[in-house]
Amino acid sequence: MVVEQLIKHNHQAVVIDNLSKGHQAAIAPEAAFIEGDLRNADALTRALDEHQIEAVIHMAADSLVGESMADPLKYFNHNTGGA
């Protein structure tokens, strides 16, 4: 919904996603798509430069409470490290 609203208001949207919990078909076709992990600093820097990105909205957090209690380091790595 966020990407669709950005596009509706004439912004160019770039989605970076490792598709671990989703699929590319769910991404608005008008958005540029890069398959990658936010924790890969080199790939992320290239994407930011290539697309001249001016702002970032981070929505790539894991959010399952039970799993986060069982494996807190995974959640720290994904949610904090990925930000």
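The values are calculated or read from the model by the stated rules, or taken from the named source; none is laboratory data. Every value quoted in this text rests on a predicted model; they were computed, and no experiment measured them. Reconstructed Cβ throughout: ideal geometry from the backbone, glycine too, with neighbour counts over all protein chains shown. Surface accessibility is based on the protein's heavy atoms, side chains included, excluding ligands, DNA and RNA. Shrake-Rupley method; radii C 1.70, N 1.55, O 1.52, S 1.80 Å.
A few points about this structure:
- Residue in region 7-19 that is under 13 Å from the mean Cα position of the chain (by Cα) and open to solvent by 100 Å² or more (accessible area, probe 1.4 Å) present: no
- Test: residue in region 20-35 that is open to solvent by 100 Å² or more (accessible area, probe 1.4 Å), β-branched (Val, Ile, Thr) and either modelled with pLDDT of 90 or more or outside any helix (DSSP H, G or I) (or both): no
- Those residues of region 36-56 which are among the aliphatic types (A, V, I, L, M) and either open to solvent by less than 100 Å² (accessible area, probe 1.4 Å) or outside any loop (DSSP other than H, G, I, E, B) (or both), in sequence order: 38, 41, 43, 44, 47, 48, 53, 55
- Selection from region 28-82 of residues that are within 24 Å of residue 7 (Cβ to Cβ), in contact with a His (Cβ under 9 Å, 6 or more places away or on another chain) and touching a residue at least 24 places away in the same chain (Cβ under 8 Å): 38, 60, 82
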